[in-house]
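Notes follow once the structure below has been shown.
Read the figures in this text as sums done on the coordinates, not as results from a lab. In this text the structure is predicted, and so the values were computed from the model without any measurement. Note that each Cβ is placed from the backbone with ideal geometry, even for glycine, and that neighbours are counted across all protein chains shown.
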Amino acid sequence: MKQLVTTLCMMAVITTALVSCHNKKETTQATVDEEKLYATYKPYTRWWWHSAYIDTNDVRDQLIWMKEHEFGGVEIAWIYPMFCDSTTSHPDFLSAEWAKPVEFAKRCADSLGLGCDFTFGTMWPFADVDLPDGDQTRNYFDSIEIAARPWVWDHPKVGRIINHLNKGVFERYAAKMNAGLSGAYHGKKSGLFVDSWEVETEYLWTPGFEKTFMEEHGYDIEPYFKEKKLMDAKTHKIYDHDVWYDYMSTLSGYVMREFYQPFADNATKNGCFSRSQCGGAPTDLLTAFTLVDIPETEAILYEPCFSKITASAAEIGGKQAVTAETFTCAYGWTSLRSNNFRGHSPHQGREQVADLKLICDALFANGTNQIIWHGMPFNKVGDTSNYFYTTCQLSSSELCNLSGETVKTFNHYMGEVSKYMRRGHNYSSLAVYMPLEDSWMTGAYPEGVVPKEMNWLWGAYEMRYINTPEQFKGMQPLWVNEHFLQTATYNDGVLTCGKAKFTALYIDVNYMELSAIEAITRLAKAGLPVCMVSDPKEPGKVKHTQEYAAALATLRQQPSVSTETSILNCTPLIEGEQLPDFWIREDQGDYYVFVANPLTQTIKYPLDYCYAFTDKGCTKSMTINHHGRQDHVDLKFRPTESILLEITNKGVKQIDLNYLPKRLREE
């Protein structure tokens, strides 16, 4: 049967190649319902194309292998030559010769029913070896070092990172990318992808920033920069937290207005959709994630709970898919420069699927519903010569653990869970005010928050470690912010915030903008139940002391506002002691609940090898309040098992996922 499938797939590819390989004028764009992006639910993989001449026969063979092993598609990422060997021959990035195998890959994927996305550049987040002077990212002191991005496709040339605070720079860069990818845009709709923000933010600047800042805050920011009185760029000590807050506020607007929105608009203009990891960006993350078609999280370099930000953005923005770059540096990482550019991630090639299942299950239980493997290097089928140094080693060679029937059954499992976690919409009865103002006022993370293995991480604005309050877990609270509360409404007992609907609002923050208090007061006057644990303070240098105090007093005077949680008057869908993490989807009155193995709550970066096998199984009890009834359920977790529940007016039923990973070869 396997041989027959392979033969049929090869025939389909050959036929497609003969019919359309040279049809450069074909402009038919597949019509795709926006809610059906990644509709197969099967995991994608980032497909690492190391700089070289790419053989289309190998492209075809690998895509057929992926089709046979339950992948839903690929995301092509163009990187340095293997071992950063500067003698490796390769076509110039975006040249006509470079484009031929890319276009072939897209047509081949289409013929096989696979998706084909593209990282919108070489390395991240967007570097160009021919970037014009003045278009590079810079700090206030115009240091050119921060723009350098080695290890690009055209290595040994060094790329420069674009200025993400200037829409014109992005549009000039995008015009080159669109020209190079124009042939690959034909056929089924592709996603254009931007990775996490990996640009230094210390004193980040762009021409005109000082004028915008003056308009927004009413004072001059430049003296704080000229005299380096904003922060210590080495220790990240913030000298004036109010000024830092104002700087972050203006910077946030630039990031969304000049980069993420143009990035999304460019994808739409070219018949594609946008997918983005806004993680790490110095911006209002919740709002930024709503600007793109597909918000993407990452684990476990980011905590699984970070996924709740992307899931909240998806619900507010009416987006079905929440993707995750998954399994990156699962057991830690080794520098690209190690062992003369031949370093591997710890345990690469001997990864335990049971460990990886903990990561993906933790993501599912925090709102992710589409897995993107990180990833699979381009190789001839059966070869293991190429690898990416920080990733799991997906391989068509069964010399590696992540191959053959092992990866096929794991992919099937992830696809099945994704299918259920895309039904209907995210359930939630409680909106929680996201502590954006707190994160900007904090500046640098306090000592001990960031693992020593992640010493590059310093800014609390990244919000990697925030989580919704445990006490309201059974209501599945989602994040909201001022941006969406400004246009929110409260009618007939329902708070409508974008596309999301809630019954109450919970606030436990130290800082809040005056305009946010006024927006919440408007909703409270309409009857919205608001639990406001304590009185926040006004952030920023320019204070409105009397006005702020009066606004707080007005809010507190509303009958529907209290410091007591009883004001919320919400019955949790799920109740219990020490509940595991779970995620709820609501579909036409029915609920689908993915309950992650309790061990997922203890995973941390880097993951201990074979950690999953410390699980001995357990039983967890919960009470489910639904459809006017109450059911008590005992969930019996076998070792490494997670559980899926279907809740209807007839009761609670466990859906058999029929998957328990086995222990694989160890080192």
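At a glance:
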{"item": "Calculated FRET value between K237 and E666, using beta carbons and R₀ = 41 Å, to 0.05", "result": "0.40"}
{"item": "Unit charges on C-beta of K, R, D, E only; dipole of the range 2-423, Debye", "result": "1160"}
{"item": "Longest site-free stretch - the chain; sites: chymotrypsin sites (Phe, Trp or Tyr not before Pro), DSSP loop, at most 15 other Cβ within 10 Å", "result": "240-455"}
{"item": "Convex hull projection area averaged over all views, the range 573-667, Cα basis, nm²", "result": "7.1"}
{"item": "If the convex hull is drawn through the Cα atoms of the chain, its volume per residue in Å³", "result": "155"}
{"item": "Those lysines that a straight Cα-Cα span of less than 18 Å connects to K228, excepting residues fewer than 8 apart in one chain", "result": "K237, K541"}
{"item": "Length released on extending from Q578 to D130, taking residue separation times 0.36 nm less the Cα-Cα span", "result": "155.7 nm"}
{"item": "Cα-centre dipole for the range 574-655 with unit charges at Cβ (Lys and Arg positive, Asp and Glu negative), debye to 20", "result": "180"}
{"item": "GluC sites (Glu not before Pro) restricted to the range 481-565 and DSSP loop, no more than 12 other C-beta within 10 Å", "result": "E564"}
{"item": "Which listed pairs, of K501/K636; K42/K176; K176/K234; K308/K604, have C-alpha distances above 24 Å, in listed order", "result": "K501/K636; K42/K176; K176/K234"}
{"item": "In Å, descending, principal axis extents of the Cα set of the range 144-199", "result": "40, 27, 20"}
{"item": "Debye log10 I(q)/I(0) at q = 0.19, 0.21 Å⁻¹ for the range 428-568, Cα point scatterers", "result": "-1.13, -1.31"}
{"item": "Full-stretch length increase - Q630, Q588 - with 0.36 nm per residue and alpha-carbon distance subtracted", "result": "13.2 nm"}
{"item": "Scattering profile of the range 331-455 at q = 0.15, 0.20 Å⁻¹ [log10 I(q)/I(0), Debye over alpha-carbon scatterers]", "result": "-0.92, -1.16"}
{"item": "Contact order relative to length of the chain, as percent, for alpha carbon pairs under 8 angstrom and 6 or more apart", "result": "13"}
{"item": "Only Lys, Arg (+1) and Asp, Glu (-1) charged, at Cβ; the range 428-568 dipole about Cα centre in debye", "result": "260"}
